Amino acid sequence: MENLLDLLRLRRSTRVFKDTQISPELVEMLMQATLMAPSSKRSNPWEFVLVDEPATIQTLAACKKHGSQFLEKAPLAVVVLADPSRSDVWVEDASIAAILLQLEAEDLGLGSCWIQVRLRQTADGEDAEAYVRKVLNVPDHLSVLAIIAVGVKAEERKPFDESKMQWEKVHLNGYGHDE
Ligand SMILES: Cc1cc2nc3c(=O)[nH]c(=O)nc-3n(C[C@H](O)[C@H](O)[C@H](O)COP(=O)(O)O)c2cc1C
């Protein structure tokens, strides 16, 4: 990897994984990157549950009606939790940690995909957060933001298409000054 921009171009969501376990060394590096995440006032309100038991991963894959089923075939699910009583900006803090995890995965040659849990429902209309909390026995004071599926890529994705880069969303010195 030449530089961070190259890494960002290559990182695309991976939803198809090889049937290969991730070594403990790589899992440790993933979590090293995650635990270095900046957070407001260094409150570090996040916690993470690493899930590598296939049966539990399968159960987690049913946490939503759409957009979570592919987790079934992932060797690792990182469930991103946070304690809202520790930070009023826990969503931001936990999201930053989650994207660092995804970027470290890419840097290690692994694929990953974010599965949104917060504000989502299961196929039965149950709150997806409550579902995940029950499956993993998560204490009540922790909220569930997302699950990051991680594994060895079994699909080729094109790098980010820079012709679609939305420069029009970048404004200099306010709206209307840069036209
Ligand atoms: C906050 C957030 C929630 C997402 N939720 C899901 C999800 O529930 N299921 C899924 O398959 N992908 C999910 N994604 C992945 C997006 O669909 C993906 O990042 C987007 O389409 C851009 O594609 P790319 O990651 O390949 O560049 C989510 C991404 C973000 C940032």
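The values are calculated or read from the model by the stated rules, or taken from the named source; none is laboratory data. Keep in mind it's a predicted model, so treat the numbers as computed, not measured. Backbone-built Cβ (ideal geometry, glycine too); neighbour counts: all protein chains shown. All accessible areas refer to the heavy atoms of the entire protein, side chains included, with ligands and DNA or RNA removed. Shrake-Rupley method; radii C 1.70, N 1.55, O 1.52, S 1.80 Å.
Looking for something within 15 Å of the ligand (Cβ to nearest atom), in contact (Cβ under 8 Å) with a residue 24 or more places away in the chain and not in a loop (DSSP other than H, G, I, E, B) - is there at least one such residue anywhere in segment 159-175?
yes
Could you tell me which residue of segment 124-154 is farthest from the chain's Cα centre (by Cα), considering only residues that are among the acidic types (Asp, Glu) and assigned to a loop (DSSP other than H, G, I, E, B)?
Among them, the one singled out is Asp124.
If I ask for residues that are over 18 Å from Cys113 (Cβ atoms) and touching a residue at least 12 places away in the same chain (Cβ under 8 Å), which ones from segment 1-20 would you list?
Taking segment 1-20 and keeping what is over 18 Å from Cys113 (Cβ atoms), we get 1-6.
Scanning segment 1-20 gives a single hit, Met1.
Of Ala33, Ala55, Ala82, which residue is closer than 19 Å to Leu119 by Cα, at pLDDT 95 or above and of a type in the set (A, V, I, L, M)?
Ala82
What pairs come out if I take residues in segment 119-144 that are at positive phi and pair them with residues that are surrounded by 19 or more Cβ atoms within 10 Å (Cβ to Cβ) and part of a helix (DSSP H, G or I) whose C-beta lies under 9 Å away, six or more apart or interchain?
The qualifying pairs are Leu119/Ala128; Leu119/Glu129.
Which count do you get for residues in segment 99-120 that are open to solvent by 60 Å² or more (accessible area, probe 1.4 Å), outside any loop (DSSP other than H, G, I, E, B) and within 12 Å of the ligand (Cβ to nearest atom)?
Counting residues in segment 99-120 that are open to solvent by 60 Å² or more (accessible area, probe 1.4 Å), outside any loop (DSSP other than H, G, I, E, B) and within 12 Å of the ligand (Cβ to nearest atom) gives 2.
Within segment 1-98, which helices (runs of 4 or more DSSP H) (wholly inside it) include 1 or more residues that are under 13 Å from the mean Cα position of the chain (by Cα) and surrounded by fewer than 19 Cβ atoms within 10 Å (Cβ to Cβ)?
Helices (runs of 4 or more DSSP H) meeting the threshold: 24-35.
Restricting to segment 121-137, count the residues that are within 15 Å of the ligand (Cβ to nearest atom), touching a helix residue (DSSP H, G or I) at 6+ places or on another chain (Cβ under 7 Å) and closer than 30 Å to Lys18 by Cβ.
Of the residues in segment 121-137, 2 are within 15 Å of the ligand (Cβ to nearest atom), touching a helix residue (DSSP H, G or I) at 6+ places or on another chain (Cβ under 7 Å) and closer than 30 Å to Lys18 by Cβ.
Okay, residues lined up against (1) touching a Ser or Thr at 6+ places or on another chain (Cβ under 9 Å); (2) of a type outside the set (S, T, N, Q); (3) under 20 Å from Gln121 (Cα atoms):
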{"position": "Phe17", "(1), (2), (3)": "no, yes, no"}
{"position": "Arg42", "(1), (2), (3)": "no, yes, no"}
{"position": "Ala55", "(1), (2), (3)": "no, yes, no"}
{"position": "Gln69", "(1), (2), (3)": "no, no, yes"}
{"position": "Ser85", "(1), (2), (3)": "no, no, no"}
{"position": "Val89", "(1), (2), (3)": "yes, yes, no"}
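Just give me the residues in segment 121-152 being buried (at least 19 other Cβ atoms within 10 Å of the Cβ), within 15 Å of His66 (Cβ to Cβ) and of a type in the set (Ser, Thr, Tyr), in sequence order.
Once the filter is applied, which keeps residues that are buried (at least 19 other Cβ atoms within 10 Å of the Cβ), within 15 Å of His66 (Cβ to Cβ) and of a type in the set (Ser, Thr, Tyr), segment 121-152 yields only Tyr131.
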